[in-house]
1. Determine which member of the set S62, S97, S113 is small (G, A, S), over 14 Å from L20 (Cβ atoms) and surrounded by 15 or more Cβ atoms within 10 Å (Cβ to Cβ).
2. Mind counting the residues in the stretch 78-112 that are at pLDDT 95 or above and more than 17 Å from Q39 (Cβ to Cβ)?
3. Conditions: (1) open to solvent by 60 Å² or more (accessible area, probe 1.4 Å); (2) part of a strand (DSSP E or B). G42 meets all but one. Number of the miss?
4. From the list Q105, Q50, pick out the single residue that is closer than 23 Å to Q3 by Cα and in a strand (DSSP E or B).
5. Checking F54 against (1) of a type outside the set (D, E, K, R); (2) at pLDDT below 95; (3) within 14 Å of the chain's Cα centre (by Cα): exactly one of these is not met. Which one?
Amino acid sequence: QVQLVESGGGLVQPGGSLRLSCAASGSIFSIHAMAWYRQAPGKQRELVAQITSFGSTTYADSVKGRFTISRDNAKNTVYLQMNSLKPEDTAVYYCHSFLGGSWGQGTQVTVSS
């Protein structure tokens, strides 16, 4: 099973950018399909973006054109580049491996002026 540790969250003004990172260990990372989810207060956890082991990506409609998921198999890391951030993007962001079902501890993203 893979262990996941997120980083890169923080406070940013509307229109700003952040890059989240998820470092994986404990398994052959390159074979894992990976995803970023988020959960805002009082709401269900939702899928933001996912990337297959081959690099194919899909996005939630709410982030298309603003967020980019990518992976570096040599570094066992998956990224989420978030641009043009909006207050409604405020949430705890979680990294997830579909192979084995691992979750990271989450990283807080707050978009506010």
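1. S97
2. So the count comes out to 6.
3. In the conditions (1) open to solvent by 60 Å² or more (accessible area, probe 1.4 Å); (2) part of a strand (DSSP E or B), G42 misses (2) alone.
4. Just a single option satisfies the conditions, and that option is Q50.
5. Of the numbered conditions (1) of a type outside the set (D, E, K, R); (2) at pLDDT below 95; (3) within 14 Å of the chain's Cα centre (by Cα), the odd one out for F54 is (3).
The values are calculated or read from the model by the stated rules, or taken from the named source; none is laboratory data. Given the structure is predicted, the values throughout are model-derived calculations rather than measurements. Note that we place each Cβ from the backbone using ideal geometry, even for glycine, and neighbour counts take in every protein chain shown. Quick note on the areas: whole protein, heavy atoms, side chains included, nothing else; ligands and nucleic acids left out. Shrake-Rupley method; radii C 1.70, N 1.55, O 1.52, S 1.80 Å.
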